[in-house]
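What follows is a single structure, written as structure tokens, with notes after it.
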Amino acid sequence: MTISSFVPPHRTLMGPGPSDIYPQVLQALSRPTIGHLDPLFIGMMDELKALLKYAFQTENEFTIAVSAPGSAGMETCFVNLVEPGDKVIVCRNGVFGERMRENVVRCGGEAIVVDDEWGAPVSVSKVEQAIAEHPDAKILAFVHAETSTGALTDAKALGALAKQYNMLSIVDAVTSLGGVPLLVDEWQLDAVYSGSQKCLSCVPGLSPVTLSPAAIEVIKSRQAPIQSWFLDQSLVLGYWSGEGKRSYHHTAPVNSLYALHESLVLLKNEGLENAWQRHKDMHMLLREGLENLGLSFVVEEQSRLPQLNAVYLPEGVDDAAVRSQLLEEYNLEIGAGLGALAGKAWRIGLMGYGARRENVALCLKALETVLK
Ligand SMILES: *Cc1c(COP(=O)(O)O)cnc(C)c1O
């Protein structure tokens with residue numbers, strides 16, 4: 001067997017992530033690798049922190065990128081904040097809420113699950129009732145943008161509820177960051193994690209995380225040591241801060257961080273509000289076309305994510321056959337249904353660089369042809 005270079009085709013990525021990557025981001029990725037403790041690299045990391053603060057709309061001093069994908073950002077929040085015996089209210093309206101529950105249990109915590117239908121947002125009143133029944137709960141955990149269903153939850157209302165009852169919040173913003181409004185400080189959210197490969201249109205493998213001063217306090221006053229060495233944020237902090245005299249924790253993914261820096265510069269130049277509006281506009285365009293093809297949305301209009309459009313398969317259509325035809329004939333990837341929606345829905349992503357007219361037009365034309 002001879003193995004030579006791997007040269008992937010140019011696909012248009014309109015699934016649940018990774019999304020189409022900005023050409024400028026791929027260019028940034030191929031710039032020369034320098035040492036991760038090089039003064040120039042440290043300067044770049046400081047800029048990266050400032051750019052992440054802008055994206056998250058926060059002044060939190062602790063705003064970094066974990067050197068691993070979104071799932072590691074999720075785990076970072078849980079292993080640092082949950083101690084054995086802690087009660088955590090976990091909202092579950094799709095795949096990622098269930099993963100949060102699993103994280104709580106693995107940290108030795110007790111998960112109080114608030115279930116909502118797949119495709120529905122988290123019910124704020126159900127959460128309030130759960131808090132009333134468990135006044136000793138320490139943390140409220142929920143997914144802002146449920147990528148498995150396309151539902152957007154009211155993070156502002158849940159953040160306010162957590163504060164009202166003196167709880168911390170852990171928020172999954174993997175798909176929401178850069179795609180829909182997310183105001184970490186104004187909404188009083190404590191531990192928020194995201195991913196590089198969704199609406200930031202950067203390469204996969206990095207997880208932006210921000211922790212509020214209240215969350216940092218809780219970490220500092222822990223009784224039990226943090227079970228994960230790699231994700232122990234009190235150690236990572238020494239690496240991401242410390243005014244020029246940084247200590248070695250792990251080798252930063254140097255080139256991936258150039259890429260994240262570039263994608264955040266692009267977001268800043270566009271402006272967050274403009275980026276949110278672009279996602280909305282492209283969603284409206286796609287929606288019109290999908291409805292003209294007779295497809296209907298899984299999520300009610302008021303809770304729909306513009307960046308993740310889940311639609312039911314038409315009667316008698318072979319899910320896998322359609323998706324492979326799109327891939328082979330149009331180099332177009334759309335997402336399959338996940339969990340309760342497997343085989344029943346498609347998930348069409350309009351994330352970051354992918355949220356543009358050419359993509360909407362290609363997707364509608366390809367679907368129309370293939371479905372005929
Ligand atoms: C994609 C995603 C994750 C996981 O991110 P990975 O980078 O795949 O580990 C977590 N939560 C949500 C809501 C996601 O969409």
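The values are calculated or read from the model by the stated rules, or taken from the named source; none is laboratory data. Computed from a prediction, not measured in an experiment: that's the story for all the values here. Note that we place each Cβ from the backbone using ideal geometry, even for glycine, and neighbour counts take in every protein chain shown. The area values use the complete protein model at the heavy-atom level, side chains included, leaving out ligands, DNA and RNA. Shrake-Rupley method; radii C 1.70, N 1.55, O 1.52, S 1.80 Å.
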Legend entry - Inter-site label distance for residue 165 and residue 113 at 7 Å from Cα along Cβ, in nm: 1.8 nm
Inset, instruction - Pull up the cross-link candidates among the aspartates and glutamates for residue 268, meaning alpha carbon to alpha carbon under 20 Å and not fewer than 8 places away within one chain. - result: 20, 46, 47, 59, 61, 185, 186, 281
Legend entry - Environment charge at residue 268 (Cβ cut-off 14 Å; Lys +1, Arg +1, Asp -1, Glu -1): -2
Legend entry - Overall form of the range 243-356 per C-alpha gyration tensor (a/c, 1.5; a/b vs b/c): prolate
Legend entry - Exposure ranking of 1, 45 by accessible area [1.4 Å probe, largest first]: 1, 45
Inset, instruction - Just add up the charged neighbours of residue 58: K/R +1, D/E -1, any other residue whose Cβ is under 12 Å from the Cβ of residue 58. - result: -3
Legend entry - Cα centroid of the range 135-153 to Cα centroid of the range 180-221, whole Å: 14 Å
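At most 10 other C-beta atoms within 10 Å and a DSSP loop state: those are the exposed GluC sites (Glu not before Pro) I care about. Give me the longest piece of the chain that has none. Can you show the working numbers first?
Values: sites that count: 243, 315.
Within the chain, the longest run free of exposed GluC sites (Glu not before Pro) spans 1-242.
Considering only the chain, what is the antiparallel percent among its DSSP beta bridges, to the nearest 5? Present the calculation step by step, with values, prior to reporting the outcome.
Numbers: 19 of 39 bridges.
If we restrict to bridges inside the chain, about 50 percent are antiparallel.
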Inset, instruction - Mind jotting down the distance between the C-alpha centroids of the range 245-302 and the range 31-58, whole Å? - result: 20 Å
Inset, instruction - Would you calculate, for the chain, the mean residue ellipticity at 222 nm contributed by helices, counting each DSSP H stretch of 4 or more residues as -39,500 (n - 2.57) and dividing by all residues, to the nearest 500? - result: -12500 deg cm²/dmol
Inset, instruction - Would you mind working out the magnitude of the charge dipole of the range 214-372 relative to its Cα centre, with +1 at each Lys and Arg C-beta and -1 at each Asp and Glu C-beta, to the nearest 20 Debye? - result: 520 debye
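Looking at the range 245-281, which chymotrypsin sites (Phe, Trp or Tyr not before Pro) are in a loop (DSSP not H, G, I, E or B) and have at most 11 other Cβ atoms within 10 Å?
Details: sites: 248, 258, 276; in loops: 248.
When the chymotrypsin sites (Phe, Trp or Tyr not before Pro) of the range 245-281 are filtered for loop state and at most 11 Cβ neighbours within 10 Å, 248 remain.
Where Lys and Arg each count +1 and Asp and Glu each count -1, what net charge lies around residue 111 among other residues with Cβ under 13 Å from its Cβ?
Values: positive: 87, 92, 99, 101, 106, 138; negative: 86, 98, 102, 110, 115.
Around residue 111, the surrounding residues sum to +1.
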